[in-house]
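The values are calculated or read from the model by the stated rules, or taken from the named source; none is laboratory data. The structure displayed is predicted, hence computed values, not measured ones. A quick note on method: Cβ atoms are made from the backbone with ideal geometry, for glycine too, and the neighbour counts reach across all protein chains shown. Ligands, DNA and RNA are excluded from the accessible area calculation, which covers all protein heavy atoms including side chains. Shrake-Rupley method; radii C 1.70, N 1.55, O 1.52, S 1.80 Å.
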Amino acid sequence: MKPSLCHLTPLRADIVSTAQRAYHSGLMAGTSGNLSCYDPESGCMAITPSNMDYSVMTPEDIVLMQLDGTVLDGGKPSSEWKMHAELYQNLPEVRAVVHTHSPNATAYAVLRREIPCVLVEMLLFLGGSIEVAAYAAQGSAAVGTHCLPILRRKPACLLANHGVVTTGATLEQAYTNSIYVEDSAKIVRLAMSTGSPIPAVIDEEGSKPYHE
Ligand SMILES: [Zn+2]
């Protein structure tokens with residue numbers, strides 16, 4: 001590895017531990033899902049590798065690459081690297097992206113149905129409802145492009161017939177957002193099995209969320 005990339009070593013370790021947490025939290029099955037961070041100083045993206053079991057992944061397996069696809073260190077990057085690159089190129093505040101196929105949220109993604117905003121956490125962390133980005137073939141840059149109209153306004157969206165993507169200023173933030181997306185989907189599904197969930201709204205002062 002080039003000495004100029006040594007400062008990314010802690011980030012690689014952080015990606016592995018977060019990926020393993022996501023796997024053990026049930027957000028990802030098998031080798032699905034992928035996580036990345038972007039370092040604007042070096043223009044380098046650190047991303048999980050393609051098709052590797054999370055339980056055996058080490059920091060050295062995390063691929064360091066430029067947003068144009070040039071690999072600087074490591075093996076084959078996640079097949080979704082173009083989506084991650086597209087998001088970093090167009091969302092200057094974003095430093096981390098988490099993509100999962102978490103089951104409850106992905107159930108909405110395959111229905112192409114928005115998850116309504118029914119929880120305070122959704123207002124505070126996710127910017128309200130979780131909208132669905134238009135379908136794009138997995139692995140294409142269009143997966144990212146189609147998310148942009150939503151991700152410019154809020155840090156989470158569903159990918160039609162595919163899964164979930166969340167963003168953050170840190171990896172921890174993007175990861176927490178992915179947990180909240182799955183939790184929201186699960187609660188809405190559970191509530192819908194009994195009745196009609198009532199949307200959460202923000203009061204006129206715009207600060208305190210409450211339920212109508
Ligand atoms: Zn995927």
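Based on Cα atoms of segment 83-122, Rg over Rh with Rh as the Kirkwood radius reads 1.06.
Against the chain, whose longest principal axis is taken from its Cα atoms, helix 171-192 shows a tilt of about 30°. Where the accessible area of the chain is counted over protein heavy atoms with a 1.4 Å probe, how much of it, in %, is carbon and sulfur? Carbon with sulfur: 53 percent of the solvent-accessible area. The angle between the Cα long axis of helix 141-151 and the longest principal axis of the Cα atoms of the chain comes to about 40 degrees, rounded to the nearest 10. Remark: segment 3-211 is approximated by an ellipsoid whose semi-axes, taken from the C-alpha gyration tensor as √(5λ), come to 30, 17, 15 Å, largest first.
As an exercise, use a Förster radius of 30 Å and the Cβ-Cβ distance of ASP68 and MET1 to find the FRET efficiency, rounded to the nearest 0.05. Once rounded, the FRET efficiency stands at 0.95. Computed from the C-beta positions of SER55 and ARG153, the FRET efficiency with R₀ = 30 Å rounds to 0.25.
Annotation: per residue accessible area for the chain equals 46 Å², rounded to a whole number [probe 1.4 Å, protein chains only]. Axis of helix 81-90 versus longest Cα principal axis of the chain: the two differ by about 70°, to the nearest ten degrees. Note on segment 67-212: Lys pairs 8 or more places apart or on different chains, Cα atoms under 27 Å apart, count 4. Computed on the chain, with alpha-carbon pairs under 8 angstrom and 6+ residues apart, the relative contact order is 19 percent. The GluC sites (Glu not before Pro) of segment 11-98 that DSSP puts in a loop, and whose beta carbon has at most 13 other beta carbons within 10 Å, are GLU41, GLU93.
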